[in-house]
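Report on one structure; see the data block that follows.
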Amino acid sequence: MIEESGRVVAVEPGAVWVETLRFSACRDCSARKGCGHGLMDSERAGARARVRALNPTLTLAVDDAVVVGIPEGALLRGAVMLYLVPLLLMFVAALVGAALPSGLPGGDLAAPFGVAGLAIGFLVNRWYSQQHARDPALHPQVVRRAGAPAAAAQPVSLCHH
């Protein structure tokens with residue numbers, strides 16, 4: 001579970017809005033000076049973010065400190081859908097376009113087919129998002145009040161090195 005601490009800013013039935021401070025994921029990494037990810041992330045460090053987190057069990061009020069989390073599997077599935085699916089469709093469509101006889105002056109159909117494959121990938125993402133919008137496993141959830149001990153919590157390193 002990937003966890004982040006924050007402060008409750010609004011309460012609604014079954015959920016809360018939590019405000020967190022964005023910090024660089026690589027602030028504790030030994031390779032932070034040579035990694036472009038840390039440099040790009042430093043631009044947003046200290047910015048506030050609000051996220052809606054499901055809260056089926058705890059009684060919370062505004063200004064309560066909480067820990068929200070999302071399962072690693074959900075994050076991985078989201079990254080695959082967002083990045084890998086459109087790119088794969090773009091490459092496959094470009095290969096199909098390159099293999100077809102174009103009959104057009106000036107070249108093959110790889111570029112227009114690739115753009116069409118990318119657009120189809122974006123449409124697949126939109127459809128997938130709409131189908132899974134109400135899936136609680138894909139939404140952040142309140143894990144516990146901040147300061148409460150985590151049951152057998154393992155530290156999570158987000159650094160890529």
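The values are calculated or read from the model by the stated rules, or taken from the named source; none is laboratory data. Fair warning: this is a prediction, and the values are worked out from it, not measured in the lab. Cβ sites come from the backbone with ideal geometry, for glycine too, and all protein chains shown count toward neighbours. What goes into the accessible areas is simple: the full protein's heavy atoms, side chains included, and nothing from ligands, DNA or RNA. Shrake-Rupley method; radii C 1.70, N 1.55, O 1.52, S 1.80 Å.
For the stretch 58-72, a residue qualifies if it is among the β-branched types (Val, Ile, Thr), open to solvent by 70 Å² or more (accessible area, probe 1.4 Å) and touching a residue at least 12 places away in the same chain (Cβ under 8 Å), and exactly one does: Val62.
Within the stretch 73-80, is there a residue that is surrounded by 13 or more Cβ atoms within 10 Å (Cβ to Cβ), modelled with pLDDT of 85 or more, of a type outside the set (A, V, I, L, M) and under 17 Å from the mean Cα position of the chain (by Cα)? Within the stretch 73-80, one or more residues are surrounded by 13 or more Cβ atoms within 10 Å (Cβ to Cβ), modelled with pLDDT of 85 or more, of a type outside the set (A, V, I, L, M) and under 17 Å from the mean Cα position of the chain (by Cα). Report whether or not Leu84 is crowded, with 18+ Cβ neighbours inside 10 Å and outside any loop (DSSP other than H, G, I, E, B). No, not satisfied.
Looking only at residues in the stretch 133-149 that are surrounded by 13 or more Cβ atoms within 10 Å (Cβ to Cβ) and assigned to a loop (DSSP other than H, G, I, E, B), the one that is modelled with the highest pLDDT is Pro140.
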